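The values are calculated or read from the model by the stated rules, or taken from the named source; none is laboratory data. Nothing here was measured: the structure is a model prediction, and the numbers come from that model. Cβ placement follows ideal geometry from the backbone for every residue including glycine, while neighbour counts extend to all protein chains displayed.
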Amino acid sequence: MKEKIKLTLRKIRKNIVEYIATNRLFITYLILSMIGLLLIRNFTVGNMESFKTFIVDLALVLVLGSFGYLAKPKNQFKYFFILIIIFTLIEVINSIYYTFYYSFASLGELGTVGQTETVMGSIFEKLKILDLIYIIFPFIFYFIHSKLVKTAYYNFMSIVEKGKKMCVVTLLVGCILLAYTFVTATKSDYSRLAKQWNRVYIVERFGIVLYQCNDIIQTLTPKLSSLFGYEEASQKFIDYFTSDEINDYRGKNKYTNVLKGTNIIFIHMEGIETYLMDLKFNGKEVMPNVNKLAKEGMFFSKFYPQISIGTSSDSEFTLLTSLMPAQSGAVFTSYYNRDYITLPKLLKEKNYYTFSMHGNYASMWNRSKVHPLLGYDDMYFEDRFDYKPEDVINLGINDKLFFKEAMPMLEDIEDNNKNYMGTIITLSNHSPFTFLDKYGEFDMSTTYEDCDDNNVCNEVNSNYLYGTAVGNYITSSHYADEALGEFFQYISNSDHFKNTVFVLYGDHDAKLTRKEVNYLYNYDYKTGELKSEDDPTYIDYDYYDHELNKNTPLIIWTKNAKLRSILNGEISYVMGMYDVLPTLGNMLGVKNEYALGHDIFNIKNDNLVVFPNGNVTTNLIYYNNSTGQSKILKDGAEISSDYISNLVNKSETILDVSNAIIVHDLIKLEGDKVNTIKESGASE
């Protein structure tokens, strides 16, 4: 018995040695590929130790690598080398993308590559050596290949290798591992993989290679929409907008028509988050002017942008249409030539003149093509402004000069038009927040007592936030607030704008990490680092706190005394960007029948805000679609599983319907059918 065991062990050892000796190139490909895939997960989502994800990566590396055996040994290097280069490109691109967007790249975003021209400073500012570490693997592979060439490995393999057999065996092992992956996947896993909303979760669960393969399928599917998926998308659209539920929160309220015949100007506040309004340093507010406008007007304190990779352009789109961003790519570059119902179009029907203003190139985010299609009559972009190179901060004309030159333009617009609607897009508070010499001074220093072992204490002044990501953001935001203050001081003193309402909104968060923002709450003056979680003074700033901190201000302000008496106070209902059009539309006397948001004064505390990644928040909870977990936001609230299930179903329906409208142009193609069904139902 012992001899049999010994013989078996010798045979196994012989087979292993033989396999290693005759598969050195493939093994090198396998090891280098797996190291790269492990590292990309470790440096992004941080789950390098996940066994299930490891199995998916291994399965795909084996399946793809198996076909290399069909080539002659001397040509196998080329095949494996190409695969390693592909993996390296995937890793480098997604590492950089994750550093900047905290998500993963999509083939559908290739159309947005041209939009990076004016944000390269943001990318290089955040770029790390670790983002490029993967480049070493092709060089290592080539080095080992050159060593094998010198040992006559390929000549030997051309004699002994059984390519077809090795291909079948390797492919079979890879397929078995893939089968294990899909057998152990949950229904929720399949749903998220199919919908591609939550890219981070897909990479966490299925790895970067399967994510990228799935993304290619998801990206190409809309391109084939004329052949596939139209009927299902059309039916979802019709069912949703003819259901009774969609009309439950529609109707008049005390704000109906209060702004009818009033001019309206949106102020798109780049990167301004609401928590800045509560910050003070040495008794001075970070955002004194925004705070003043909020106190004088109507302030929506729980307002959330709903952006995807289109960032600012997504905010513009969602605000003007009450639709969600596209699931793949950005609407402004991939789906701009659709027939959307927008606020500028609705107001043009009321004989409003419409315009947009921005201190950047009209080509940025394809606005030169998109804005006219959204309903803007005219665009005042950087070519309409007089500025010098030194007047540029970051991406374009600094906000102070931009507003100064916009003032006479706005007065001229009012002089020549009975009614008008416009959007003014600010710029200076865009990342990276590194132009400290142009922002002006803002003292963020703090004085604290430093005591030695003998309890002898000295007062120490620390400007600990200076040069940090969050400190630079605060300084930049203070500058943006000063520019707004100068603008509204002019508006208040002007003999124009007596029949004008200004709507200020933060377009999205500053894209700072939780660790970077945590310096505000848990900086240890003694160590110069973040406090340990064991420190009794540590303030817990968790995932949910960080996500909820991404809300931005929404303020309705006017110098018209009569309107100011109506539009005032803090509104604390949870509200999304897609609720702006229905809410303001009711005030202005216009309506978008295909809005996915609601008039906040009708839906009130029943509102939900769904985000493109599937996360949802209400006045009661914040639900994390990636983990299936949630945080209760209201003390004493009891949340049932049915409540969460209903919330998830509603959010998925909204995302499905919105994407169907965008991809298939359903308002244009199926809108008449919806109207016919509604009319027939009303007549009954």
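Within the bounds of segment 248-271, is there any residue that is over 17 Å from LEU581 (Cβ atoms), in the same structural domain as ILE491 (by TED's automatic domain parsing) and among the aromatic types (Phe, Trp, Tyr)?
no
Could you give every pair whose Cβ atoms fall below 8 Å, whose first residue belongs to segment 353-367 and is in a strand (DSSP E or B), and whose second residue is surrounded by 23 or more Cβ atoms within 10 Å (Cβ to Cβ) and among the basic types (Lys, Arg), counting only separations of at least 6 or pairs across chains?
Hits for this filter: SER356/ARG367; HIS358/ARG367.
Search segment 565-582 for residues that are within 17 Å of TYR255 (Cα to Cα) and touching a residue at least 12 places away in the same chain (Cβ under 8 Å) and pair each with any residue that is β-branched (Val, Ile, Thr) and surrounded by fewer than 18 Cβ atoms within 10 Å (Cβ to Cβ) when their beta-carbon atoms are under 6 Å apart and the residues are at least 6 apart or on different chains.
ILE566/VAL258
Among the candidates GLU670, GLU638, GLU679, which residue alone is assigned to a helix (DSSP H, G or I), without any contact (Cβ under 8 Å) to a residue 24 or more places away in the chain and not polar (S, T, N, Q)?
Matching residue, one of GLU670, GLU638, GLU679: GLU679.
Can you go through TYR473, TYR464, TYR448 and tell me which one is part of a strand (DSSP E or B), in contact (Cβ under 8 Å) with a residue 24 or more places away in the chain and in the same structural domain as LEU520 (by TED's automatic domain parsing)?
That would be TYR448, the only listed residue that is part of a strand (DSSP E or B), in contact (Cβ under 8 Å) with a residue 24 or more places away in the chain and in the same structural domain as LEU520 (by TED's automatic domain parsing).
Under 9 Å by Cβ, and 6 or more places apart or on different chains, what pairs join a residue from segment 275-289 that is on the phi > 0 side of the Ramachandran plot and in contact (Cβ under 8 Å) with a residue 12 or more places away in the chain with one that is crowded, with 17+ Cβ neighbours inside 10 Å and not in a strand (DSSP E or B)?
Listed by first residue and then by second, the contacts come to ASN282/MET444.
Is it fair to say TYR335 is crowded, with 21+ Cβ neighbours inside 10 Å, touching a residue at least 60 places away in the same chain (Cβ under 8 Å) and over 17 Å from the mean Cα position of the chain (by Cα)? Outline the logic, then answer.
Details: crowded, with 21+ Cβ neighbours inside 10 Å: yes; touching a residue at least 60 places away in the same chain (Cβ under 8 Å): yes; over 17 Å from the mean Cα position of the chain (by Cα): yes.
Taking the combined requirement at face value, the residue satisfies it.
Would you confirm whether any residue within segment 164-180 is surrounded by fewer than 18 Cβ atoms within 10 Å (Cβ to Cβ) and modelled with pLDDT under 75?
Looking through segment 164-180, none of the residues is surrounded by fewer than 18 Cβ atoms within 10 Å (Cβ to Cβ) and modelled with pLDDT under 75.
Tell me whether segment 411-424 contains one or more residues that are closer than 29 Å to ILE474 by Cβ, surrounded by fewer than 22 Cβ atoms within 10 Å (Cβ to Cβ) and among the aliphatic types (A, V, I, L, M).
The answer is no; no qualifying residue exists.
Output the number of the condition that MET157 fails; it satisfies all remaining conditions of (1) touching a Pro at 6+ places or on another chain (Cβ under 6 Å); (2) at pLDDT 85 or above.
The failed condition is (2).
Just wondering, is there one or more residues in segment 400-411 that are more than 18 Å from TYR490 (Cβ to Cβ) and not β-branched (Val, Ile, Thr)?
No, segment 400-411 contains no residue that is more than 18 Å from TYR490 (Cβ to Cβ) and not β-branched (Val, Ile, Thr).
Say whether the condition of being modelled with pLDDT under 90 and part of a helix (DSSP H, G or I) is met by at least one residue in segment 80-91. Spell out how you get there, then give the answer.
Of all residues in segment 80-91, those modelled with pLDDT under 90 come to none.
Scanning segment 80-91 turns up no residue that is modelled with pLDDT under 90 and part of a helix (DSSP H, G or I).
Somewhere in segment 459-475, is a residue buried (at least 18 other Cβ atoms within 10 Å of the Cβ), among the polar types (S, T, N, Q) and closer than 17 Å to MET287 by Cα?
Yes, there is a match, as at least one residue in segment 459-475 is buried (at least 18 other Cβ atoms within 10 Å of the Cβ), among the polar types (S, T, N, Q) and closer than 17 Å to MET287 by Cα.
Counting residues that are crowded, with 18+ Cβ neighbours inside 10 Å, which strands (runs of 3 or more DSSP E) fully inside segment 485-602 reach at least 2?
The qualifying strands (runs of 3 or more DSSP E) are 500-506, 554-557.
Would you check which residues across segment 320-359 are modelled with pLDDT of 95 or more, among the polar types (S, T, N, Q) and on the phi < 0 side of the Ramachandran plot and list them?
THR321, THR342, THR354, SER356
Considering only segment 375-398, state which residues are modelled with pLDDT under 95 and acidic (Asp, Glu).
GLU382, ASP383, ASP386, GLU390, ASP391
With LYS678, LYS668, LYS650, LYS673 as the choices, which residue is farther than 20 Å from GLU245 by Cβ and not acidic (Asp, Glu)? Explain how you work it out, then say what you get.
Working: LYS678 fails: farther than 20 Å from GLU245 by Cβ; LYS650 fails: farther than 20 Å from GLU245 by Cβ; LYS673 fails: farther than 20 Å from GLU245 by Cβ.
Sole residue among the options that is farther than 20 Å from GLU245 by Cβ and not acidic (Asp, Glu): LYS668.
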